[in-house]
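Only the coordinates and a few stated rules stand behind these numbers; no lab work does. The structure displayed is predicted, hence computed values, not measured ones. Glycine gets a Cβ as well: all are built from the backbone with ideal geometry, and neighbour counts include every protein chain shown.
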Amino acid sequence: MIELAIIATVPLLLAVEGELIVQRAGMINLGIEGMMLTAAMTTVLFGFFGGLAGALLIAVLFGVFAIRLRADQIVTGTAINLFALGVTGFAYREWNDRLAGAVPHVDSSAIAVAAWIVIPIALALMLWRTRFGLRLRACGENPEAVRASGYSVTMLRWSALIIEALLVGTAGAELARTGFAENMSAGRGYIALSIVIFGRWKVKGVLLGSALFGAAAVLQYALQAASRGVQFHLLLAVPYVVTLLILCGIAGRVRAPEALGK
């Protein structure tokens, strides 16, 4: 069961790690759900690197509106999610045989090790032990100070968005390892946003939050195996309800980056 939870949580954890980076840089990318869904579809169509390219395409779309045009980030992210859901849903219905039957080659074990061990260590070192990480975090706290120091907030935020795209693209590829289905991201992008808040924008916190979601997923599987007359759809909601309860429990007791969403 523990191994199942670790593997099942990998796409979510990668999305959480990507969202942590962009929020530390002062952005709220609500479009992470659409990014993951697009990456899953392009992985099935074009392989692993196709998934990365799909995520990068959505990241560029978000960046153009949120960074270049300074549009509202929440509205932009919501629009991107609706766009991605519509496009991938249309593609699924038009190319159902190809998308549902294709199984891309994805090394799940290697991705799991990277998601739970390698990437968290690399992100922690980058954010708190490098000048780049210091400037990135400063973009989320006081972008004016970054500009006064002679550095480009725009370039730093684009860098964060590219890092997120690579992580979420990998998440989409892992999600699609058995094929593609319409809306298969199933709200993981929104859960990722919640876990970043729960983790107080720190690497160890988001690891804990992801582990709790994984434990709730295992509980769901156990309840499905042991349930008698309980509706299947009610059991599917268990991980999301647990996450919501945890998030409600810490509401009002966290301090977000000062310039988040600005």
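Between ALA237 and LEU208, what is the spin-label point distance in nm, taking each point 7 Å from the Cα along the Cα→C-beta axis?
2.8 nm
What GluC sites (Glu not before Pro) in the range 119-213 are in a loop by DSSP, with at most 15 other Cβ atoms within 10 Å of the Cβ?
Working: sites: GLU141, GLU144, GLU164, GLU174, GLU182; in loops: GLU182.
The qualifying sites: there are none.
Placing +1 at every Lys and Arg Cβ and -1 at every Asp and Glu Cβ, with all other atoms neutral, what dipole size does the range 2-183 have around its Cα centre, in debye to the nearest 20?
On the way: 12 positive and 13 negative charges, 140 e Å.
The dipole magnitude comes to about 680 debye.
Given a 10 angstrom Cα cut-off, can you work out which residue in MET36, MET184, MET27 is the most mobile in a GNM of the chain?
Checking each option, the largest mean-square fluctuation is seen for MET184.
HN-Hα J couplings of the range 186-201 from phi, Karplus 6.51/-1.76/1.60, θ = phi - 60°, integer Hz, Gly and Pro as x?
Result, rounded to whole Hz: 6, x, 4, x, 5, 5, 4, 4, 5, 5, 4, 5, 4, x, 6, 6.
Just order 189-198, 41-50, 14-23, 60-69 by mean Cβ neighbour count inside 10 Å, highest at the front, would you?
Numbers: 189-198: 23.3, 41-50: 21.5, 14-23: 28.6, 60-69: 18.0.
In decreasing order of mean packing, 189-198, 41-50, 14-23, 60-69 become 14-23, 189-198, 41-50, 60-69.
Add -39500 (n - 2.57) for each DSSP H run of 4 or more in the chain, then divide by its residues: what number comes out at 222 nm, to the nearest 500 deg cm²/dmol? Mind showing how you got there, number by number?
Values: 14 runs with 192 residues, N = 262.
Dividing the helical sum by the residues of the chain leaves -23500 deg cm²/dmol.
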